[in-house]
Amino acid sequence: MKLIFRQDLNIATIKSESSWNRMVVHSLLQNCNAKQPAINAYLGARYSRSSDSILDIASEVINTGTDASERLEKIFAGYGHKSVGDMAELFVCIENIPIITGMKFFYINPVIAGQERSTRYQDFSDPNFIKIPNEVCSKQEIRKEYEKIIFKQLSDYKKLLKSTKEQLSKHFKINEESSQECASLKARSFDVARYLLPVGLSTSDALVLSARAWSDFIGYLFGGDSIVDNEVADLVLNLLGESDLDARGYIREADNLIRHTESNSSRRNSTREILDYLKNNLDRKQIPTFPDSESSSIKVSYSPDLTECLLTHYEALLNPLGSIKEYSFDQEDQEFIGEVLSEHHNQHRTVGNVAQSGAVKIEGFATLGTLKDLNRHRSLERFIPILHDEIDMDQELARREEDCFFLCNYLDIPQLKILKEEYQEVLEETYSMIKSWREKAKKVLSEEVCNEYTKYLLPHAHATKYIMYGSYDDLQYVINLRSRNGGHIAYRVLVYEWLKNLNMKDPIWNSLLKRIQSPKIDSKIEFVDRS
């Protein structure tokens, strides 16, 4: 890897020199002449242990030339916890990572602030996607077939994007002299065609996290099985934390708060131990029928039992399509799970998404594209099995090709029936190729690597399980925000269906249901409104 520093921009950059990826990580410094985040953290730490005004404390630090980073070391040890690191925020951009990896970043960190590049603004004429390293797979046939599937999906995207734009323009009678209508047509066409794009294509994320959160983030990525996650962790650690790499003029802003980062495999280890236990008693037969849309799969319940939530999540990793016979737990199961969790987790090594729950539970199936959008609402507690390394990918794909995906809601317009059939045909072909490749790859690759690269081949259309929890406030916020005109039609329809199901469960939602307009897939007014 190579480290450079642009003093004119206050940006430090580290690049991977691996042949299988183009990953780059940038740190946008607040002040290239001082460790400003470390100073902020030190001021906060001193403030909590003093009766002085922050003005007096800051004057002391600045006028005496106090080395805030060095002092933080002593305070950090004295506090016995990491709250000091919460006050040192670092702005980092991580470029050329798989789309599904970007989803994981927002998923595993509930306090992240960030933005991700939209597929609407990407140039796919020279596609960048994650490749299989030669060191991991020496068999050229497997690597070539993997890339062939991605190029096939990109070809389908290019072909159908053009016809999608033409047919949407015709159906909604787009005025070509209206810049607003033409811009809306372009965006909506992308919204439909992106269902064909694989989530192994590259994206970039701009993220703001505290030094403490970055330290945890690096540890979790190092502690997993993913080749990509491990590479990202190595780049971020060498950019922000202690490293042999150096660049003239670059001062790491909070290296002392990130220097103690260790690989954290607690989540992987506890999950595997519990899954191995459940496999002995859980019926691995999955529900044979699959919902025909995101809306028809929704289930709403209130205040689920704590152990029931945990077991539901672990069970979804083993049977992601749903079990014919759900696991019935007893006290022995509860005690065993509690023992495993207590052994592997503490205040420094939390259990993560698998242990999340809340007052209202909403579950169902949605496309990866829809979940990518909804995943950014960190006020909701979220469990999405496919974002975990431990999901059984054979079980995830144990369905007919036509049941593996959902299509954009606009394709349900009767006049677009032929176009819809074209999408169905190319996606069924894609899944047939993915399953065939996977069977060959399992003979060559480790289970972990095969699972990881199978995920990169999945299109945005892939239908997968989600379980989300929230309070009334969390849910009304998401529903009000995401049901409005302007957003992607898929999540607009989905959250409105959430609301309808919530209303059937409890009349307290009736007033909100009356206030929100039902999204209409054939409304030109809604189609061209991007406000």
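Brief remarks on what is shown
- Once the C-beta distance of residue 351 and residue 394 is scaled by a Förster radius of 41 Å, the resulting FRET efficiency is 0.95 to the nearest 0.05.
- Diffusion coefficient (Stokes-Einstein, Kirkwood radius over C-alpha pairs, 37 °C, 0.692 mPa s) for the chain: 131 µm²/s, rounded to a whole number.
- The range 325-365: C-alpha gyration tensor shape, a/c 1.5 cut-off, then a/b vs b/c: oblate
- Using the Cβ-Cβ distance between residue 517 and residue 283 with R0 = 35 Å, the FRET efficiency computed as 1/(1 + (r/R0)^6) comes to roughly 0.20.
- Using θ = phi - 60° in the Karplus curve 6.51 cos²θ - 1.76 cosθ + 1.60, the 3J(HN,Hα) couplings for the range 485-491 round to 4, x, x, 5, 4, 5, 6 Hz; x is entered for Gly and Pro.
- Distance from the range 264-288 to the range 19-55 (C-alpha centre basis), Å: 40 Å
- Note on the range 83-100 and the range 360-400: Cα centroid distance 23 Å, given to the nearest whole angstrom.
- Student exercise, the chain dipole from Lys, Arg, Asp, Glu Cβ charges, in Debye to nearest 20: 1580 debye
- Residue 422-residue 147 pseudo-label distance in nm [points 7 Å out on the Cα-to-Cβ vector]: 2.8 nm
- Once both labels are positioned 7 Å from their Cα atoms along Cα-to-Cβ, the gap between residue 292 and residue 206 label points is 4.4 nm.
- The stretch between residue 328 and residue 436, if pulled fully straight at 0.36 nm per residue, gains 35.4 nm over its current Cα-Cα span.
- Within-13-Å neighbourhood charge of residue 1 [Cβ basis; K, R +1; D, E -1]: -2
- Qualifying trypsin sites (Lys or Arg not before Pro) for the range 327-427 [loop in DSSP, other Cβ within 10 Å: at most 11]: 400
- Note on the chain: dipole from Cβ charges, positive end direction compared against 487, 274, 397; the farthest Cα belongs to 487.
- Sites matching GluC sites (Glu not before Pro) across the range 126-232 that sit in DSSP coil, with at most 15 neighbouring C-beta atoms within 10 Å: 135, 176, 177
- Here the extension length gained between residue 28 and residue 166 equals 45.5 nm, from 0.36 nm per residue of separation less the Cα-Cα distance.
- Residue 336/residue 359 FRET efficiency (R0 30 Å; Cβ-Cβ; nearest 0.05): 0.65
- Positive-end ranking of 85, 444, 164 along the dipole of the chain, with charges on Cβ about the Cα centre, is headed by 164.
- Electrostatic tally near residue 22: other residues with Cβ closer than 13 Å to its Cβ, Lys and Arg +1, Asp and Glu -1, net -1.
- Average Cα contact separation per residue, the chain, under 8 Å, 6 or more apart, as relative contact order %: 18 percent
- The range 461-480 and the range 197-215 have Cα centres spaced 21 Å apart.
- Length released on extending from residue 58 to residue 308, taking residue separation times 0.36 nm less the Cα-Cα span: 84.9 nm
- Among the trypsin sites (Lys or Arg not before Pro) within the range 115-209, those in coil by DSSP and having at most 13 neighbouring Cβ atoms inside 10 Å are 173.
- Whole-Hz ³J(HN,Hα) from phi, Karplus 6.51 cos²θ - 1.76 cosθ + 1.60, for the range 243-252, glycine and proline x: 7, 6, 7, 8, 9, 4, x, 8, 10, 5
- For the range 90-189, the square roots of the Cα gyration tensor eigenvalues, ordered a ≥ b ≥ c, give a/c of at least 1.5 with a/b no greater than b/c, which places it in the oblate category.
- Cβ-placed point charges (K, R +1; D, E -1), dipole of the range 270-417 about Cα centre in debye, nearest 20: 620 debye
- Straight-distance crosslink candidates among lysines, where the alpha carbon sits under 16 Å from residue 299 and sequence neighbours closer than 8 are dropped: 361, 465, 500, 505
- Remark: the Cα gyration tensor places the range 155-206 in the oblate category, a/c being 1.5 or greater and a/b not exceeding b/c.
- Whole-Hz ³J(HN,Hα) from phi, Karplus 6.51 cos²θ - 1.76 cosθ + 1.60, for the range 159-173, glycine and proline x: 5, 7, 4, 5, 5, 5, 4, 5, 6, 5, 4, 5, 5, 8, 6
- In the chain, taking the dipole from charged Cβ atoms about the Cα centre, the farthest positive-side position among 374, 133, 37 is held by 374.
- Modelled this way, with points 7 Å down the Cα-to-C-beta line, the labels at residue 8 and residue 506 are 5.8 nm from one another.
Just so you know, all these numbers are worked out from the coordinates, no wet-lab data involved. Remember, predicted model here, so these are calculated numbers, not experimental data. Glycine also receives a Cβ, built like all others from the backbone with ideal geometry; neighbour counts cover every protein chain displayed.
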